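Note sheet for the following structure.
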Amino acid sequence: MRVAVVGATGRIGRETAAALEGAGHEVVPISRSAGVDVQSGEGLDAALAGVAAVIDASNTPTQNEAEIVEFFGTGTRNLLAAGQRAGVGHHVLLSIVGIDKGQKVPHYEGKRTQERFVREGSVPFTIVRATQFHDFAAMVAGWAEQDGAATIAPLLVQPIAPGDVGEILAEVATGAPVNDVVEIAGPDTQDLVDMARRTYAARGQEIRLVPTWRGNFDTSMAGEVLLPGPDARLGRTTFDAWLAAGAH
């Protein structure tokens, strides 16, 4: 199959493209470096010609909610419109497990906007909601790190390896659309503070961690809101295996 990967130069995009190519599919990279701008729509029609499926693994580094919503909303509208014109038969969106539980997180608002546009569009779709990735704990602590210390919320998560996400996205995209949500997660639940501590130790870094609900995440993220349902598809790679492989 000819499959377009949006955000092909990003971490998940690279993993997804590698999985597709490994299975014998043709990958069409959708990124500015490839001459395609999803935000403006420039180059999209030409890039999607002959494409059977689109995988949207795009992301933005901004933490401003309005900018996040604009990024995901504009990109999704442009992708769906171009996909309809090109006759794309399957739009696969990478989203996040549990975003419909009222959490006060700017990034989640952008993903909710994406999901709504995909559901309301005319292109057959599958929304793949993934749990947090294995490096999420250290990344979150890094946002708050100052003078050798970092605040971090004690989230309960079930992290998944980026490589496993890429493999599942490739498999979903080359299958039939379900016009619904599919959840994916790692094999084990973890505490985010412990994950950060162990990740820093594996990397040889000494950072004092301060558990709190007054940092990047509030109590709307507490409890089991980030855990997948009982029918979630589980990746193979454990957090321990990721640590043993170098925590990168």
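The values are calculated or read from the model by the stated rules, or taken from the named source; none is laboratory data. A quick note: this is a predicted structure, and the numbers were derived from the prediction, not measured. Don't worry about glycine lacking a Cβ; one is built from the backbone with ideal geometry, like all the others, and counts go over all protein chains shown. Only protein heavy atoms, including side chains, enter the accessible area calculation; ligands, DNA and RNA are left aside. Shrake-Rupley method; radii C 1.70, N 1.55, O 1.52, S 1.80 Å.
One table, with the values for the structure above:
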| item | result |
| --- | --- |
| For VAL36, distant residues with modelled amide H under 5 Å away | SER31 |
| Gap separating the Cα centres of segment 75-139 and segment 144-195, nearest whole Å | 15 |
| The chain: relative contact order in percent, alpha carbon pairs under 8 Å with at least 6 residues between | 20 |
| Environment charge at VAL88 (Cβ cut-off 15 Å; Lys +1, Arg +1, Asp -1, Glu -1) | 0 |
| Residue among GLN205, GLN103, GLN158 with the largest mean-square fluctuation in a Gaussian network model of the chain, springs linking Cα atoms under 10 Å | GLN205 |
| Among THR60, THR126, THR238, residue whose mean-square fluctuation peaks in a GNM of the chain (springs only between Cα atoms under 10 Å) | THR60 |
| Net charge of Cβ neighbours under 13 Å - reference MET139; Lys, Arg +1; Asp, Glu -1 | 0 |
| Of all accessible heavy-atom area on the chain, the percent that carbon and sulfur account for (1.4 Å) | 48 |
| Solvent-accessible area per residue for the chain (1.4 angstrom probe, square angstrom) | 44 |
| Ratio of Rg to Rh over segment 1-115 (Cα coordinates, Kirkwood Rh, two decimals) | 0.97 |
| Among beta bridges that DSSP assigns inside the chain, antiparallel share in %, nearest 5 | 10 |
| Projected area averaged over orientations for segment 74-124, convex hull of C-alpha atoms, nm² | 3.6 |
| Vicinal HN-Hα couplings computed from phi for segment 136-143 (Karplus, 6.51 cos²θ - 1.76 cosθ + 1.60; Hz; Gly/Pro x) | 4, 4, 5, 5, 5, 4, x, 4 |
| For segment 107-212, radius of gyration divided by Kirkwood radius, i.e. Rg to Rh on alpha-carbons | 1.08 |
| Angle in degrees between helix 11-22 and the longest Cα principal axis of the chain, rounded to the nearest 10 | 50 |
| Nearest-ten-degree value, helix 106-120 long axis tilted from longest Cα axis of the chain | 30 |
| Karplus (6.51, -1.76, 1.60) ³J(HN,Hα), θ = phi - 60°, over segment 202-216, in Hz, Gly and Pro reported as x | 5, 8, x, 10, 10, 10, 7, 9, 10, x, 6, 9, 10, x, 5 |
